[in-house]
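Visitor: I have a structure I would like to understand better, so I am pasting it below and will then ask my questions one at a time.
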Amino acid sequence: MMIDFAPDRKLYPFESRWFDSAAGRVHYIDEGSGPTILFCHGSPTWSFLYRHLVADLRDRFRCVAIDNLGFGLSERPAGFDYTIAEHTTVLGELIDHLRLDDFVVMGHDWGGPIGLGAATTRADRVRGIVLGNTAFWPIDAFANRAFSVLMNSRPMQRRILERNFLVERVLLPELGRSVTETEAAHYRAVQPTPAARRGLALTPKEIRAAGPLLKQLEHDVPALLGKKPALAVWGMRDPVFRPKPSLPRVRAAFTDLEVVELPHARHYIQEHNPSAIATAIAKRFQD
């Protein structure tokens, strides 16, 4: 199924583009010119999360932002299981389709392992890495794994599917006054029905199920990408990927890393501090 929603051009002033991957039809945007940045989102967001960064950077960079299958305006294909491995494969297909070379990949939330997974198999084409509040190692913290178990329970699955729980009770309460009602409506509008929310419902179990993939990334990222210029932009009040355990692991993986701490930001840093993130990216990667 496809999503029948046209974003407000004032909020999302970008041309929608489409790619027919082997698994389904993918929506993405491709704005500006210059060094390429590939923006990868997690759950329960879509490329709309990156709108401020793309608007700010497209005069200096080529900005590509994907909607993962099951999210945003992309297709909800039958037979797709919405695993991190499957999302990684689709992203890799898009990278190859667009013939991206010498590109920077930015990953947030699940967009970290998805983006890094596609990048490690194309390391010779990667210019640099930007990571924001994500993980590329097995997620063993009790709170995260308990969240996975809870969200995968039958009552919570019903709430996610029938009441859009992850948008209404996780995403939007954190954003609060960071977004307007119209902006909040754009997060709701791309998950309009239970059938459209299947990807949302299946993603939490990946915290545990994607363990082998994350274990591989724990090895491959420093081995294949560890010498690339890297930037970490981190919300220091994030309860999901807490800075105290997370940032030392990021530092250990990269030999050429800059860290920008966002002292008041929680998990969804692109809504809380977009200007600071765009400035840090431009400083780090502009020719």
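Visitor: With the convex hull built on the Cα atoms of the stretch 182-225, state its orientation-averaged projected area in nm².
Guide: 4.8 nm²
Visitor: Pull out the extension gain between D8 and R159, defined as 0.36 nm times the separation in residues minus the alpha carbon to alpha carbon distance; nm, one decimal.
Guide: Length gained, D8 through R159: 51.6 nm.
Visitor: Could you state the accessible area per residue of the stretch 228-287 in Å², with a 1.4 Å probe and every protein chain left in place?
Guide: It amounts to 48 Å² per residue over the stretch 228-287.
Visitor: Modelled label-to-label distance, R237 and D101, 7 Å Cα→beta-carbon offset: nm?
Guide: 4.5 nm
Visitor: If you place +1 on the Cβ of every Lys and Arg and -1 on the Cβ of every Asp and Glu, how big does the dipole about the Cα centre of the stretch 141-287 come out, in debye to the nearest 20?
Guide: The calculation lands at about 620 debye.
Visitor: In addition: Quick one: what are the phi-derived ³J(HN,Hα) couplings along the stretch 131-142, Karplus 6.51/-1.76/1.60 with θ = phi - 60°, whole Hz, x for glycine and proline?
Guide: Values, residue by residue: 10, x, 6, 8, 8, 10, 8, x, 8, 9, 4, 4 Hz.
Visitor: Then there's this: Can you give me the P(r) profile for the chain? Cα pairs, bins 5 angstrom wide beginning at 0, each as a whole percent.
Guide: Going out from 0 Å in 5 Å bins, the chain shows 1, 6, 13, 18, 21, 19, 13, 7, 1, 0, 0 percent.
Visitor: Calculate the dipole size of the stretch 140-192 relative to its Cα centre from +1 charges on Lys and Arg beta carbons and -1 charges on Asp and Glu beta carbons; express the result in debye to the nearest 20.
Guide: Roughly 260 debye, rounded to the nearest 20.
Visitor: Roughly how much of H52 is accessible, in Å² to the nearest 10, using a 1.4 Å probe?
Guide: Accessible area, nearest 10 Å²: 70 Å².
Visitor: Check which residues have an amide H placed less than 5 Å from A141's amide H, if you skip close sequence neighbours.
Guide: none
Visitor: Could you work out the per residue convex hull volume over the alpha carbons of the stretch 1-123, in cubic angstrom?
Guide: It comes to 92 Å³ per residue, whole-number rounded.
Visitor: With both bridge residues required to lie in the chain, what share of the DSSP beta bridges run antiparallel, to the nearest 5%?
Guide: For the chain, the DSSP antiparallel bridge percentage is about 25.
Visitor: Hey, any idea what % of the stretch 25-128's accessible area is carbon plus sulfur with a 1.4 Å probe?
Guide: Roughly 41 percent, rounded to a whole number.
Visitor: Based on the Cβ-Cβ distance of A85 and R208, what FRET efficiency does E = 1/(1 + (r/R0)^6) give at R0 = 22 Å, to the nearest 0.05?
Guide: 0.95
Visitor: How fast does the stretch 92-222 diffuse by Stokes-Einstein, in µm²/s, taking the Kirkwood radius from C-alpha pairs at 37 °C and 0.692 mPa s?
Guide: 199 µm²/s
Visitor: At 1.4 Å probe size, with every protein chain present, just tell me what the per residue accessible area of the stretch 131-176 comes to in Å².
Guide: Value returned for the stretch 131-176: 51 Å² of accessible area per residue.
Visitor: Would you kindly derive the ³J(HN,Hα) couplings of the stretch 73-78 from the backbone phi angles with the Karplus curve 6.51 cos²θ - 1.76 cosθ + 1.60 (θ = phi - 60°), listing them in order in whole Hz, with x for Gly and Pro?
Guide: 9, 6, 5, 9, x, 5
Visitor: Please state the charge dipole magnitude for the chain, taken about the Cα centre, from unit charges on C-beta atoms (+1 on K and R, -1 on D and E), reported in debye and rounded to the nearest 20.
Guide: 760 debye
Visitor: Select from H108, P222, G176 the residue farthest towards the positive end of the dipole of the chain; place +1 on Cβ of Lys and Arg, -1 on Cβ of Asp and Glu, and compute about the Cα centre.
Guide: Of the options given, the answer is G176.
Visitor: Packing-wise, with mean Cβ within 10 Å as the measure, how do 129-142, 204-217 rank, highest first?
Guide: Averaged packing, sorted descending, gives the order 129-142, 204-217.
Visitor: Then there's this: Distances over 15 Å make up what percent of all Cα-Cα pairs in the stretch 73-123?
Guide: Roughly 46 percent, rounded to a whole number.
Visitor: Can you pull the percent of the stretch 178-287's accessible area that's carbon plus sulfur, 1.4 Å probe, other chains left in place?
Guide: 54 percent
Visitor: Output the peptides 191-201, 177-187 sorted from most to least packed, where packing is the average of other Cβ atoms within 10 Å over each peptide's residues.
Guide: So the order, starting with the most tightly packed, is 191-201, 177-187.
Visitor: Sticking with this one: Scan around V259 for amide H atoms under 5 Å from its own, H built in the peptide plane at 1.01 Å from N, and keep only partners 5 or more places away or cross-chain.
Guide: Under 5 Å from the amide H of V259: A232.
Visitor: Counting only heavy atoms of protein chains, what accessible area per residue, in Å², does the stretch 34-109 have with a probe of 1.4 Å?
Guide: The answer is 25 Å² per residue.
The values are calculated or read from the model by the stated rules, or taken from the named source; none is laboratory data. In this text the structure is predicted, and so the values were computed from the model without any measurement. Cβ atoms come from the backbone with ideal geometry, glycine included; neighbour counts cover every protein chain shown. The protein model used for the area step is the full one, side chains on, heavy atoms only, and it has no ligands, DNA or RNA in it. Shrake-Rupley method; radii C 1.70, N 1.55, O 1.52, S 1.80 Å.
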